[in-house]
Amino acid sequence: MSFPWAKHYEPQGAFMKYVDSRLPIPRLVYDSLGGGYPVPKNLNYFYNFGVLAGVALVVQIITGIVLGMHYAANTTIAFDSVEHIMRDVNGGWMLRYMHATGASFFFVVVYIHIFRGLFYGSYKPPREVLWLLGLVIFLLMMATAFMGYVLVWGQMSFWGATVITNLFSAIPLVGEAIHTWLLGGFAPDNATLNRFFSLHYLLPFIILGVVILHVWALHIPGSNNPTGIDVKSKADTVPFHPYYTAKDFFGLCVYLTLFSVVVFFLPNMLGEADNYIPANPLSTPAHIVPEWYFWPFYAILRAFTVDFPFGLVPAKLWGVLAMFSAILLLFFLPWLDTSPVRSNSYRPLNRQLFWIFVVDVIILGICGGKPPEEPWLRLSQIASAYYFAHFLIITPLVSRIEKPLPLPNSISEAVLKRHTNTGAPAALQPAGAGLAEFPASGQPAE
Amino acid sequence: MATNDNLVTDDLTPTGERRRDFIFVATGAFAAAGAATVVWPLINQMSPSADVLALAQIDLDLSAIQPGQAVKVSWRGKPVFARNLTPAETAAAKAVPVASLRDPQTLEQRTKPGKENWLITLGVCTHLGCVPLGAGEGENKGAFGGYFCPCHGSQYDTAARIRQGPAPKNLEVPDYTFKSPTQVTIG
């Protein structure tokens, strides 16, 4: 589970020895988050986002549990109980804004975490299972966030629920039956609200369980790093504590500062004004949009406007299939990208394609937030086509034809080279095993 | 081989299976059947409950609806549009070549015989379930004079048939019967 040079836990004192021989939790913490867990020494700030995602999850669970003490999952009073939380419950406004903007922050953090993994090839062997578990968390997050948004029972809640649950009616033959079964009726109503509350309370704990598996799977090979090459010696690593506990704590302070700015000064920045109108099944808002974190997938859903081929498969079914495939494709990425080089720092062609893909997803996101009109429809069709082409054509092809840059011999060498190139004094180089392989002639600078 | 002798005398059926294999399969099958009977109520509890199903039928009085007007009523938690078509609107619906439609249906197929001016449909867009505009006074009726869905831009004509946009089907016509010239029962 760790490198041979990892420090071993030594229980101090009689009490710790007593605990260690019966329930060795302190040993577990030491070996996975403490001095006993060696981590590549070159992790940059993008590697903070895993810990930040964990913190965001805990914030959501804690604020959610206390909100659940005041919320009523019944269509006649759900909306009013949310207003009761906002106006009457002591500090309720703060707790609700923390929970609502906390969801957005959770997604910001997780999207950065995912793109970090994409850039540095963290999905490649031996970390495929780690990647797959992360995607499972992402899917569970989307389901949880969707159901949580419905609980407010405003206009966007109701019509978002109507649109999203209707996706299931696109399934041939059994779609209508599944749709009625999911809703517990013919349209979203009290039965729907109740079960969404039940599941919205349950799923975060399922997420927590999968997060534990995700962290476990991470600790088997250890973290990837910006060079993408494997740890080779002790010179490549530092102990998690105090080095990364300190770095993560600093990142956490920055994160909580930004979070507080939004909670206290811009709490409705990412929300929809229409959701402050109580749900009305007989009146559709002029422009239904999901929360921003679903926009790229919503754009793919709406990109299909024609039945094809020859009117055989309805546009609606195509849209639903495409939207779900857009996420499911990520599960196959470790086998679509066959390049043995992990980090895009050493993949000159793929690096540019990565940034084009980022822009493509941002374009999809913008289109998903706009009304279904031109030019947004055409733009989302082009961007959706590129999204699928990126994974199914471009990624496998580039893996074959690209000539990667020469890799450093070790993480330690790469770190030291950066420091010598930037004029850092050579005296900073510690004596270590990695130095022996340090080449005399410099490689081309990036 | 003492063990084999024991197997022959104690454990094997005449066709050669061990008795223990039979007990394994029987136990597993029994447990699976028991689990299934417990799982079914856990799944079925999510289906519409009796009180939801009980409200599945409503009566509607059409006498106050003038030609060119429509009303929205709620049925099974969904809106129903009951529209009194003007002669111009019925003529426009009949003038469309049926073969050119995405979901080919005539106005006659979508109304009751002799009551062609009464267009009764669900007010639920067949794309993703929004309520189309056009039934209320002064609402956008779309390019074909029927209904317009604001969510994803589907346009329906004066027989509530899909003419443009992502919706795959015409607005659904619910089961209904005329109890008198101005009274219908929906459901």
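The values are calculated or read from the model by the stated rules, or taken from the named source; none is laboratory data. Bear in mind the structure is a predicted one, so any value in this text is a computation, not a measurement. For neighbour counting, all protein chains shown are included, and Cβ atoms are generated from backbone atoms with ideal geometry for every residue, glycine included. Note: areas computed on protein heavy atoms with side chains; ligands, DNA, RNA excluded. Shrake-Rupley method; radii C 1.70, N 1.55, O 1.52, S 1.80 Å.
One Cα centroid belongs to segment B:114-177, the other to segment A:344-371; the line between them spans 38 Å.
Setting aside same-chain residues fewer than 8 positions from B:LYS179, which aspartates and glutamates have a Cα under 15 Å from its Cα? Straight-distance partners of B:LYS179: B:ASP59, B:ASP61.
Would you mind calculating the relative contact order of chain A from Cα pairs under 8 angstrom and at least 6 residues apart, reporting the percent as a whole number? Relative contact order of chain A: 20 percent. Adding -39500 (n - 2.57) for every DSSP H run of four residues or longer, then dividing by how many residues chain A holds, sets the calculated 222 nm ellipticity at -19000 deg cm²/dmol.
Taking all protein chains together and a 1.4 Å probe, the residues B:ILE58, B:ILE23, B:ILE120 rank B:ILE23, B:ILE58, B:ILE120 from largest to smallest accessible area.
Summed over qualifying helices (DSSP H, 4 residues or more, each -39500 (n - 2.57)) and divided by its residue number, chain B shows a 222 nm mean residue ellipticity of -7500 deg cm²/dmol. Look at the Cα gyration tensor of chain A: its axes a ≥ b ≥ c give a/c of at least 1.5 with a/b at or below b/c, and that counts as oblate.
Bridging of B:LYS78 to lysines at a Cα separation below 19 Å is possible for B:LYS169, once same-chain residues fewer than 8 apart are set aside. Separation of segment A:61-121 and segment A:261-326, taken as the distance between their Cα centroids, equals 20 angstrom. Carbon-plus-sulfur fraction of the accessible area of the protein assembly as shown, 1.4 Å probe, in percent? Solvent-exposed carbon and sulfur of the protein assembly as shown make up 68 percent of the total. Per-residue surface analysis assigns A:MET69 an accessible area of about 140 Å², computed on protein heavy atoms at 1.4 Å probe radius. Model label points for A:HIS287 and A:ASN268, set 7 angstrom from Cα along the Cα-to-Cβ axis, are 1.6 nm apart. Our summary gives chain B a relative contact order of 18 percent, counting only alpha carbon pairs under 8 angstrom and 6 or more residues apart. In the protein assembly as shown, a dipole from Cβ-located charges (positive for Lys and Arg, negative for Asp and Glu) runs towards its positive end, and of B:CYS130, A:GLY365, B:PRO14 it is A:GLY365 whose Cα lies farthest in that direction. By a 1.4 Å probe calculation restricted to protein chains, B:GLU139 has an accessible surface near 60 Å², given to the nearest 10. When the accessible areas of B alone and A alone are added and the area of the pair subtracted, with a 1.4 Å probe, the result is around 2300 Å², both sides summed.
Between A:GLU374 and A:ILE25, what FRET efficiency follows from the Cβ-Cβ distance if R0 is 45 Å, with the result rounded to 0.05? FRET efficiency, A:GLU374 to A:ILE25: 0.15.
Accessible surface comparison of B:LYS141, A:LYS124, A:LYS403, probe 1.4 Å, protein chains only, largest first: the order is A:LYS403, B:LYS141, A:LYS124. Shape annotation for segment A:26-95: C-alpha extents along the principal axes are 55, 28, 22 Å, from largest to smallest. Among A:HIS241, B:HIS127, the sequence by solvent-accessible area, most first, with a 1.4 Å probe is A:HIS241, B:HIS127. Of all aspartates and glutamates in the structure, those lying under 14 Å Cα to Cα from B:LYS141, and not within fewer than 8 positions of it along the same chain, are B:GLU89, B:ASP157. Segment A:153-215 and segment A:2-23 have their alpha-carbon centroids 46 Å apart. When the surface is traced with a 1.4 Å probe over the full set of protein chains, B:THR182 keeps roughly 60 Å² accessible. Full extension of the chain between A:ALA177 and A:LEU328 gives 51.9 nm of extra length, using 0.36 nm per residue less the Cα-Cα distance.
If the segment from A:LEU202 to A:PHE310 were pulled out straight at 0.36 nm per residue, it would be longer than the present Cα-Cα gap by 34.5 nm.
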